[in-house]
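Taking it in order: structure first as C-alpha cells, then the write-up.
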C-alpha cells in the first residue's frame, strides 16, 4: 500500500523530488522533478512538474506546467496551464488559458477563455465561452460554443452542437484570444462537422453533415447534407445543400 501520509509543501522558491503524497502545495515558485501521485495538488504562483501527475484534485492559479501526462478526477485552472503530454480528467474547468501538447480526454470540459490541444479532444460535454484551437478531432456528446474570438478544429463529431457569437464576455478575454491565435473574427473554422442536431452561427466549414441542421447568420459552408429538418438563414452562404 502506498504511503500517503506526507505532504509536499513549497513556499516561496524551492524544488523537490517526486513521490507519493497526501497533498502537494506550491506557493510562489516551485519545481518538482519526478512523477507525482497525490490526493490533492494546489499551485498558486508558478509551479512545474518534470514528470507525470496523477491526482484526485488539481487547482492551478497563476502559472503551471506538467512536463508529462496528467490524470486527475477534477481540474480547476485560473490563469495559464500547460501539459506537455496527454491529459485525462473527469471534470475540468478552465478560466484563462490551457494548452495540451498531446490528447485531451474528459467527461466534462468547461472553458472560459482559450484552449489549445495539439492532438484529438474527447469529451462527453464540451462547453467553451471564448476560443480554441484543436489540431485533431473533437469528439463529444454535447458541444456548446459561445464565440468570444476565433475557434479552429479539423473535425467535429458529436450528438449535438450549438455555435453562436457572443461579445459580452469582456475585453480581457477577447484580447487574450487575439494574442494567442493571431486572429480576431469571432468565427468557428472546421473542415467537417458531423452530428445529429446541428445549429451553427458564424461558422466556416467545408462539410456539415447531420440529421437536423440549422445554418444561421454569418455561416459559409461548402456542402450541407441532412436527413431530417433543414433551415438556412438569409445571411448564410451555402454552396450546396441536399437531403441524403
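Since every read-out is calculated from the coordinates, none of them should be taken as a lab result. This is a predicted model, so every value here is computed, not measured.
Can you bin the range 113-168 into rounded, prolate or oblate? Criterion: square roots of the alpha carbon gyration tensor eigenvalues sorted a ≥ b ≥ c, rounded for a/c under 1.5, prolate for a/b above b/c, oblate for the rest.
Values: a/c = 2.06, a/b = 1.25, b/c = 1.64.
Oblate is the answer for the range 113-168, as a/c is 1.5 or above yet b/c matches or exceeds a/b.
Output the relative contact order of the chain, whole-number percent, from Cα pairs under 8 angstrom with separation of 6+ residues.
Numbers: 812 pairs, mean separation 19.2, N = 244.
It rounds to 8 percent for the chain.
Could you give the angle, 0 to 90 degrees to the nearest 10, between helix 171-181's Cα long axis and the longest principal axis of the Cα atoms of the chain?
Between helix and principal axis, roughly 90 degrees.
Test of understanding: in a Gaussian network model of the chain with alpha carbons linked when under 10 Å, which of 185, 97, 148 would top the mean-square fluctuation ranking?
Most flexible of the set in this elastic network: 185.
Taking only Cα atoms and a 10 Å spring cutoff, compute GNM fluctuations for the chain and point out the largest among 16, 95, 61.
Highest fluctuation among the options: 16.
For the chain, just the Cα set please: Rg and Dmax, both in angstrom.
Here Rg and the maximum Cα pair distance are 19.9, 65 Å.
Give the shape of the range 1-84 as rounded, prolate or oblate, defined through the alpha-carbon gyration tensor: a ≥ b ≥ c are the square roots of its eigenvalues, a/c under 1.5 means rounded, and otherwise the shape is prolate if a/b is larger than b/c and oblate if not.
Details: a/c = 1.45, a/b = 1.21, b/c = 1.20.
It is rounded, given that a/c, with a ≥ b ≥ c, falls under 1.5.
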